[in-house]
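Nothing in this text is a laboratory measurement; each read-out follows from the coordinates by a stated rule. Values in this document were obtained by computation on a predicted structure and should not be read as measured data. All Cβ positions, even for glycine, are placed from backbone atoms using ideal geometry, and neighbour counts span all protein chains on display.
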Amino acid sequence: MISQLRAAPNQLTLARLLFVPFIVISLVEHHNRWALALFVVAGISDALDGLLARVLKQQTYLGQYLDPIADKLLLSTLFLALSFEHRIPWYVTVLVFSRDLGILIVSALLYATNTLRDLRPSIWGKANTAAQVATVFAVLLYGVW
């Protein structure tokens, strides 16, 4: 496990997790440029960790779980913070959380019944994440201008 933590892609993922509170603090304190800049850096680190994992052949079991957790934590936290700041309607945040909760419940049931063991991301999941990232980016960008 420690050797997996030392892998460069996993360290980038852990760094992305550290960005979350700083982005939220920037949002709450109305430092829109900082929030946007940190969000962009977090996005770059997300792209970079996947690329590094493939190029350096450092794909790890830990990374398979840690990367989507970091993505969900970042996006879910930002949707909540933006809703509290009245920048995104609450129904959008509820839809995002409802979808994720539904996927979690169905996956847990399928896993518990030994029906499903392969939980690789689909193109639809990636498209959904891209839409969420684009939404958060657009709202943060709008706050800067």
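Odds and ends about this structure:
- Take every Cα pair under 8 Å whose residues are at least 6 apart in sequence, average their separation, divide by the length of the chain, and the relative contact order is 29 percent.
- Ranking 70, 7, 137 by how far each Cα lies toward the positive end of the dipole of the chain (charges on Cβ) leaves 7 at the top.
- Calculated diffusion of the chain, Stokes-Einstein form, Kirkwood radius summed over Cα pairs, 10 °C and 1.306 mPa s, µm²/s: 97 µm²/s
- Peptide ranges 130-142, 89-101, 69-81 listed from the most packed, as the mean C-beta count within 10 angstrom indicates: 69-81, 130-142, 89-101
- Debye equation applied to the C-alpha atoms of segment 39-98, log10 I(q)/I(0) at 0.31 Å⁻¹: -1.21
- Full-stretch length increase - residue 55, residue 94 - with 0.36 nm per residue and alpha-carbon distance subtracted: 10.3 nm
- Neighbour net charge for residue 100 - beta-carbon separation under 12 angstrom, K R +1, D E -1: +1
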